[in-house]
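Derivation of every value follows stated rules applied to the coordinates shown; laboratory data play no part. Since the model is a prediction, treat every value here as computed from it, not as a measurement. Cβ sites come from the backbone with ideal geometry, for glycine too, and all protein chains shown count toward neighbours.
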Amino acid sequence: MKVDETKCVGCGRCVSYCTMGAIGFTKDLYGRVCADVNQDECVDCGVCYRAEICTGKALYEPLPVWPRSVRGTFSNPLIEHKETRVPGRGTEEMKTNDVTGRFKYGEAGMAIEMGRPSTGAFFRDIEKVAMAIASLGEIHFEPKNPITTLMVDRNSGRMNPELMNEKVLSAIIEMTVPLERVQEIIGVVKRVTKEISTVCSFDLTCKVHPGDKTPAFDLARGAGVAPTSNGKTNVGLGKPFFVEEAMR
Amino acid sequence: MSHTLHRRGTPESLKNDYVLFAMSAKGINEVDSSAKLQRFLQIVNRFGPVNLGDMRTGNRYITPSGEIIEKTRDTSIVHGVFDNRESLIKALKALKDEDLGISVIVSGLLGDVRECCQEAGVKRHTCETSLGIWGKTERLPEEEILRFTTMCGHGQVPFNLIKKMITDVKERKLTVREAAEEMAKPCQCGVFNPKRAEAMLEEVLCLWGIRVA
C-alpha cells in the first residue's frame, strides 16, 4: 500500500486500520504532514484501503510485481491463489475431509501458521521452520498449499531465494504425517521456533477414530503440549467421494 | 486456511461463540454447489445469527444479508455466527434434514460442540485443535487485545483498531455496540462475533486507562 502525498491530509485515520502497525507520518517537500507506509513492514493486506476511511482518498495499491506480489496473495483473503483456488493462505484441510478423505485413520494433519497472530512473517523465517521440519526426513509437505509451491526443493524445505525479504501476514507450512510422527514434529517445532523473529500458531488435525477418540490430541499432550479447549469440528454432513477405510 | 481456529480467550469467554460454515471441495463436489451454499446461508439466517458472511461478498456489517446470500458462488466459503447453543443445535438439525451433501464445520469449544452434535443427531468426522502460539511471543499485543483480533483468522482486524475502539468508547465517541460492529467490518468472511466483542469490551473498559487532555 502506498500514499499519494498530494492527496493525503495527514488525518491519521488509516493508522488504526493497519494490521502490521506499519503506518507512520512524514513531511512532504512543502513541510505538510502526511501518512507514510513502511514498505518493508506493509504486507499489502488491503485492510486500510477497503475500510474506506481515507479522507483524501490518498491510499492506493500499486500493481503487484514479483516477488512483492506474494505479500498480497498471502495477506489479502480476497485474492485467490492460483494453485489452490482457495482465497487466503492455506487449503481446504480438514474442512472438506468428510468429502475428500484427505486425513485418514492413523494420520494427523499438522500446520504451522507463520506470523499468526498479528505479527506477520518474513520468508526467511518461514524457510527456517520448513527446513527444520524437512530435516527429519520423509516429510511430505501438502502439495496444494501455496507455501509448498514456492519451495525450490520440497525435500529440504528450501524456499525460492527471491522471496527471503518478503513479508506476509501469515503463511502456512502444512503436512500430513503418520500418528507415530506427531511428537517428533512437535519437538522440532519447539526447537526451531526459539530461533525465529516472529510467532506462529500450531494446528493439529485428527479424524475422529472409533470410540469418538482423537489420538493425535493425546499424543500432543504426551509431548507436553496441551491442545486448546476450542477448535473446529467437521460434522460429517458432506457426501464422501472416497471409500471410508476400516480402522487398521 | 484455518480461519476460525486459534480464537483466544478463557473457556468462559469462548462459550456462546459458534461459527458454523460450509464449503464444497474443489474438483470434487464443487460444480453447481452455489445453490447448496446459498441454501446453507438461508437456513443459518433463519436461526438469528449475529454475523453472516462470504469471503468474496463480505460480512453482514458491510454488505446486506440478502446480497451475501444471493451472490454465493461455487467457490464460496459461507459462514454464520451464533451466540447461543440452542440456535446452533437447531441450525445443525435443519442442515441434517436438508441433506445438502457439502461439508459443514463448527468452530467452538470442542466438548461443547460434541454435545451439540449429539443433540442435533450428527456425528463428528474430523477435529482440529490449536497447540497455541510459539516463537517470539513477546512481540504479541496484550492478551486482552488478542482475544478480539483472533476472532478474524485472516488477521484482518488490526490490534490498533481494537485499541482505538476502546479509547473511542471510553471517550464516549462510540457506544459499545457501535465499537464492536466497527471491529467486525474488516473481517471479510463474517466470522467475527460482535456480541462476544461487546461482552469483552465491557470487561476491558474497566482495565484500560486513556490519556485525558
The listed residue being closer than 26 Å to residue A:47 by Cα, surrounded by fewer than 20 Cβ atoms within 10 Å (Cβ to Cβ), among the β-branched types (Val, Ile, Thr) and more than 8 Å from chain A (Cβ to nearest Cβ), out of B:175, B:137
B:175
Scan region B:68-105 for residues that are farther than 15 Å from residue B:29 by Cβ and in a loop (DSSP other than H, G, I, E, B) and jot them down.
B:71, B:83, B:84
Candidates B:143, B:128, filtered to the one that is of a type in the set (Asp, Glu) and surrounded by 22 or more Cβ atoms within 10 Å (Cβ to Cβ):
B:128
Residue under evaluation residue B:121, criteria (1) at positive phi; (2) crowded, with 20+ Cβ neighbours inside 10 Å; (3) more than 7 Å from every other protein chain (Cβ to nearest Cβ), criterion not met:
(2)
Here is a list of conditions, (1) assigned to a helix (DSSP H, G or I); (2) touching a Phe, Trp or Tyr at 6+ places or on another chain (Cβ under 8 Å); (3) crowded, with 22+ Cβ neighbours inside 10 Å, and residue A:220 meets all of them except one; can you say which number that is?
(2)
I'd like the full set of residues that are farther than 15 Å from residue B:50 by Cα and more than 7 Å from chain A (Cβ to nearest Cβ), limited to region B:2-21.
B:8, B:9, B:10, B:12, B:13
Please go through region B:156-213 and pick out each residue that is touching a residue at least 40 places away in the same chain (Cβ under 8 Å), more than 20 Å from the chain's Cα centre (by Cα) and assigned to a loop (DSSP other than H, G, I, E, B).
B:207, B:208, B:210
Hey, residue A:96 within 30 Å of residue A:189 (Cβ to Cβ), within 14 Å of another protein chain (Cβ to nearest Cβ) and not in a loop (DSSP other than H, G, I, E, B) or not:
yes
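To keep it simple, each residue is scored yes or no on (1) touching a residue at least 24 places away in the same chain (Cβ under 8 Å); (2) surrounded by fewer than 20 Cβ atoms within 10 Å (Cβ to Cβ); (3) β-branched (Val, Ile, Thr); (4) in a helix (DSSP H, G or I).
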| residue | (1), (2), (3), (4) |
| --- | --- |
| B:13 | yes, yes, no, yes |
| B:19 | yes, no, yes, no |
| B:25 | yes, no, no, no |
| B:31 | yes, yes, yes, no |
| B:37 | yes, no, no, yes |
| B:41 | yes, no, no, yes |
| B:44 | yes, no, yes, yes |
| B:49 | yes, no, no, no |
| B:52 | yes, no, no, no |
